[in-house]
Each structure stands twice: as C-alpha cells, then as structure tokens.
1. So for the range 253-346, averaging the separation of alpha carbon pairs under 8 Å that are six or more residues apart and normalising by length, what relative contact order in percent results?
2. Could you work out how far helix 40-56 tilts from the main Cα principal axis of the chain, as a 0 to 90 degree angle to the nearest 10?
3. Considering the Cα trace of the range 175-234, what is its radius of gyration and what is Dmax, both in angstroms?
4. For the chain, what is the relative contact order in percent, using Cα pairs closer than 8 Å and at least 6 residues apart in sequence?
5. Using the beta-carbon distance between M4 and V193 and R0 = 35 Å, what value does 1/(1 + (r/R0)^6) give for FRET efficiency, to the nearest 0.05?
6. Please report how far the C-alpha centroid of the range 168-223 lies from that of the range 283-312, rounded to the nearest whole angstrom.
7. So which chymotrypsin sites (Phe, Trp or Tyr not before Pro) in the range 1-59 end up in coil per DSSP with only 16 or fewer other C-beta atoms within 10 Å?
8. What are the equivalent ellipsoid semi-axes of the range 191-347, built from the alpha-carbon gyration tensor (square roots of five times its eigenvalues), in whole angstrom, biggest first?
Amino acid sequence: MSIMWSQPAIFNVLDPWYEISPGVFVGMVPGQGSPVGQFAVQNRQALQAIINLAQASNDQSGPYYGALIVFPGHSGPATQGGTGEDAGGEYLIQAPGDGTAAIPITINWPLRFLGTGNAKLTYFIPPDDPDFLPGDMFSVETSGTGEGTNIGGMTFEDLLFHYPAITTSDTIPIPQWAAIHTVLAGVENFRIVRCTFADCPIAVWFEQALDCSILQCFINYSANAGFGLILGNGQNMGDTNSAKQIFVTDYDAARYAQWKKRLTRLKVSGCVTCGKKYPPRLRHLLDFDHSPDLVKRFGAKRFNIANGAMRSNRAVALELRKCRLRCRSCHQGVTRARRKRQAKKAA
Ligand SMILES: [Zn+2]
C-alpha cells in the first residue's frame, strides 16, 4: 500500500497512522486511560510514527512544503493533575525510561505542531517502576540532509506541556529534563508560540540554536521548581552553534509598553507645586504623590501608580484620585515637610 499526500500534509494525531501490530493501525489516544497511563507508551510510538510520516510526506526531490501535525484540544481549559473528566485533549506520553527523550526528532523538513484548543501533552512517569529514568519530552536536532541544514524550522503552537510532581531536595537537585530541548546539531528558525509549560523541570532548553523565538508563552510552577529557559550548554563557549539570537516576547512586554505610553499621557499637566511642565521624554521625572488629604477621602493607598502596569484601568483610575502629580524635587520637599509635621504631632 502506498500512501499519497497532498502538500503540505496534515496529520491528525487521533487518526490511525501507526501500525501497532501487523495490519492493526492506531493513533494517539487522549485521556488518562484505565489504569492511568494505559495509552502512554502507544501514544509515544504513534506520535513518533506520525512525525516520521510527516517528514516522509515531503518529496525528497523538493519543493519542501513541510507538514502540520494537529493535536485536537478539549472543550474546557486544561487543568494540572486533572481528574480525567473532560480530558479529551490530554495526551499522556511515556518515554522508553532509559533517560532518552520521549520524542526525539531529527528535522529534515519544516514541521508544525498545532493544538486546536488547550491540547495538553503530559510526560507520564509510571508509578510502579522504580528503575524508570525520565528525560526530555521533545529533543530536536537537524539532520543536515534536507535542503541545506535548516530548511524552515519547526513550530510548536497552542500546546500545553506538563510534567508531574518531582521530588527534589538539597541533595537531589532539579533534574535536567526539558519539555523542549534542541541538541547536538541544533536547529534554526524554531518557534514556540502561545504555549504553556506547567511544572516542567526545564521548559525550553536551546542548547544549540539560531534565530529561535518564544512568543506569548506562559511558564508556571506549582508542584515543581524549575528553569523556564536555558540557553547554551555552558561548555562550548567558542562553539559557533551554541544558542544565539533567541527572541523572547510575551503579553506582559506589550502591556508594559502600552502602560508606559499611558503613564506619559497622564503626566501632561505637570507639577501641582511648582507648575513646571515636562515634554513626554522627561515625564519620568514626575511622580504621582499620594496626598494624605486625598487618601483620607478616597481610601488607603493600594499601590504606587508607577507600578500600575498589570492593574485594571478602573483600579488605576481609583488610585489616581488619591494622588497629586509632582516633580521629583517638589515631591521630596513635600514629603519632608509632611514627615516633620508628623514628628511634631507625635512629640
Ligand atoms: Zn515641582
């Protein structure tokens, strides 16, 4: 049987691409399974088979359109340590257990991994196997056999990567297992977009990488401590392949830039004490000073306006009512005078 693909080929991980026994084809199976982890080994094998097919879907003579691998997500937001209810988009993946990556990938042609919702990839550690040696979830390198060594890279998009709780202590350090690890020959143009890394000992480790991006991702820890991002390997200092030109942005950066603009606009009126006005580029010299009389009227100080980037517009507006705008020197003068009065009062 020969399989034909349109290009770029699209692979749904739920479709039966993997020949688990002669003539029997299966796909990945979402959910916890019964017992938990029932499908974790099959999921690893199926995903590996799908990646191999996706790579093969590119005509070796070119042109190279790449391939898309789709993980259907579930209806609700993925939850850590979920109960299995509505776990339609959680895929448990069990590695071989010898410390090697669950899914080693050698890129020949562009690959795009896409979650359709909150698809969650959980690194499964079998609870009844004390000899099981965990490791990376995905390790990625370039084969060098494609068109050049890096022909369009690889993207992980809208996926949640999750590791279970791992016991660490003063003597047992955080393990060096990464959800995504670029190794050896490294990768170029590797993009991680809108992904969440939950409790991964290392979320992303660009050991050898060039022109790679992490965009609008979340990295959080509740059950484990870990490292969000590691660049390089700390050994090959002169190595031309070590991680470089890594671009990282997130929602907060965009929000902060917006906030700085807003803050500049809010300071248009200048100092209430000396009356001096400042051009936009010098308005960082103006402070919003919490005035005791206004605090008495509008409530206790909740935060410094300068730190308002992550507050709601309403919270900022309520806080602004308690403040008067003053230049740095007038602010200091007024504060000194206030302290003097308070000291007199106390005496
Ligand atoms: Zn002033």
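Every number in this text was worked out from the coordinates using simple rules, so none of it is lab data. Fair warning: this is a prediction, and the values are worked out from it, not measured in the lab. Virtual Cβ from ideal backbone geometry, glycine too; neighbours counted across all protein chains shown.
1. It rounds to 34 percent for the range 253-346.
2. Rounded to the nearest ten degrees, it is 80.
3. Taking only Cα atoms of the range 175-234, I get Rg and Dmax of 11.2, 33 Å.
4. It comes to 10 percent, rounded to a whole number.
5. Efficiency, rounded to the nearest 0.05: 0.70.
6. The range 168-223 and the range 283-312 have Cα centres spaced 38 Å from each other.
7. W5
8. Semi-axes from the Cα gyration tensor: 44, 19, 16 Å.
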